[in-house]
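Each remark here refers to the structure printed beneath this line.
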Amino acid sequence: MNAWLGKPGVVCALGAGIDAVAAAALAGDTSGMRARTGWVRGRALTLGGYDGELPAIPDALPAHHRSRNNQLLLAAALQIEAQLRGAVARYGPGRVAVVLGTSTSGVNDNAPAFGHLAAHGAWPADYDYRRQALSSPASFFADWLGVSGPAYTLSTACTSGARALLSARRLLELDLCDAVVCGGADTLCRLTINGFAALGAIDDGLCLPFSANRRGINIGEAGALFLMARDAAGPDGVALLGGGASSDAWHMSAPEPTGAGARQAMQAALASAGLDAASVGWVNLHGTGTPHNDAMESHAMHAVFPQGVPCCSTKALTGHALGAAGALEAALAWATLSASNAGARLIPHVWDGVSDPQLPALEFSTPAHRYAPGRPRVAMSNSFAFGGNNVSLILGAQP
């Protein structure tokens, strides 16, 4: 079953709205990646923050819904509100589901309360655990949209947003709903930024995925949402043709070095879509810029695409949005497949151009690359996470 994805709502370091975000991505614009202080003591880090104004959570909703994470979701939702309200009107509140991904939810908004607890031995009066609960994004969104179908949040680290799309497709297949709001949101968070810094996995400058000089990741934030349904979503609709997942459980934070789990997820995605590797015209790599992840993904890509395929990491454009990354990168793939990308352009791989001689060579996309003329546009989007959690999505343009 093809699941159709309508025009997404997006906010990230590239801007707000899929049209602006796509234009910036196709131009290889890194201007949203800026040195910022105050996150890790004594360091200025390059982070992909969203600097635009965010909408306030409506006063009519409970106070525990008020978090920056939910504001990112709301900003994305307002861009596609007509789609969302139209689905509720068409199918009814009980037949619209919500499946979202996050890794930190509203924990950064609750962080001052922990300082208060340490200083005074008691929580402040306005502390509410529900603000940081992993269930918060879906709970907020179901309340805001007024739907009563299945509503839940997934937290599988950096695959959360991609898994939300896979789970949404499964809900449609099982006829548990007729439409699903799916995607993810994650906010710049002192907890995660310091955690990655403690692992020695952060690059203070702009990250360099797959370079011999790669030093680590840049963390970003984003909200990305789709309305998924069984019916083609107008002239801009893109299909989720298939998806695959695996869990190699190799190590808590390091990927399986040969790429076996990543390869399994990509091959399962191709089988799910009924396609062979030669049908894929572009791959949005996970490509974090860490030594181990990029090495693993290079081996996996070489195994699945031995003849090569244009590919890139978009992390130098957006930062790694963690629980939102899979949804954000699916939205970037959607943008390359959409009819609005009349020139069939591909997003360029932004790096220093210094190949790692120890890795299999990949065909990184440049501003000159295009989807092959006369063939259906098909893109793969990869997400790989701590714990060996792997997801690959395959999206295709309308014929």
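The values are calculated or read from the model by the stated rules, or taken from the named source; none is laboratory data. Because the structure is predicted, anything quoted here is derived from the model rather than measured. These accessible areas exclude ligands, DNA and RNA; they are computed on the full protein's heavy atoms, side chains included. Shrake-Rupley method; radii C 1.70, N 1.55, O 1.52, S 1.80 Å.
Would you work out if segment 1-151 is rounded, prolate or oblate? Take a ≥ b ≥ c from the square roots of the eigenvalues of the alpha-carbon gyration tensor; rounded if a/c is under 1.5, else prolate when a/b is larger than b/c, oblate otherwise. Oblate, because a/c is 1.5 or more while a/b does not exceed b/c. What would the Debye equation give as log₁₀ I(q)/I(0) for segment 41-107 at q = 0.19, 0.27 Å⁻¹, counting only Cα atoms as equal point scatterers? These q points yield log10 I(q)/I(0) values of -0.98, -1.30. So, in Å, what gap is there between the alpha-carbon centers of segment 352-390 and segment 157-216? Centre-to-centre distance over Cα atoms comes out at 17 Å. Sorting the Cα pairs of segment 224-356 by distance into bins of 10 Å, from 0 upward, gives 11, 39, 39, 10, 1 percent per bin.
Using the scaling law 2.2 N^0.38 Å as the reference, what is the normalised Cα Rg of the chain? Walk me through the numbers before you get to the answer.
On the way: Rg = 19.7 Å, N = 399, 2.2 N^0.38 = 21.4 Å.
Ratio of Rg to 2.2 N^0.38 Å for the chain: 0.92.
Quick one: check the C-alpha center-to-center distance for segment 250-319 versus segment 14-51, whole angstrom. Segment 250-319 and segment 14-51 have Cα centres separated by 24 Å.
So if I take the alpha carbon set of segment 187-271, get Rg, then get Rh from the Kirkwood formula, what is the Rg over Rh ratio? Walk me through the numbers on the way to the answer.
Numbers: Rg = 17.6 Å, Rh = 16.5 Å.
Rg/Rh for segment 187-271 comes to 1.06.
For segment 194-309, what relative contact order do you get, as a whole percent, if you take Cα pairs closer than 8 Å and at least 6 residues apart? Relative CO of segment 194-309 lands at 30 percent.
Considering every Cα-Cα pair within segment 80-172, what fraction, in whole percent, is farther apart than 22 Å? Each step should come with its number before you reach the end.
Working: 1714 of 4278 pairs.
Of the Cα pairs, 40 percent sit more than 22 Å apart.
Figure note: THR290, THR37, THR336 ranked by solvent-accessible area, largest first, 1.4 Å probe, ligands and nucleic acids not counted: THR37, THR290, THR336. For segment 222-296, the alpha-carbon coordinates run over 42, 31, 22 Å along the three principal axes, in decreasing order. When only Cα pairs below 8 angstrom with a gap of at least 6 residues are kept, the chain shows a relative contact order of 23 percent.
When the expected Rg is taken as 2.2 N^0.38 Å, what fraction or multiple of it is the alpha-carbon Rg of segment 128-241?
Relative to the 2.2 N^0.38 Å estimate, segment 128-241 comes out at 1.31.
Amide H contacts of LEU208 (H built 1.01 Å from N, in plane; Pro and chain starts excluded): ARG215, GLY216 sit under 5 Å, all sequence-distant by 5 or more or on other chains.
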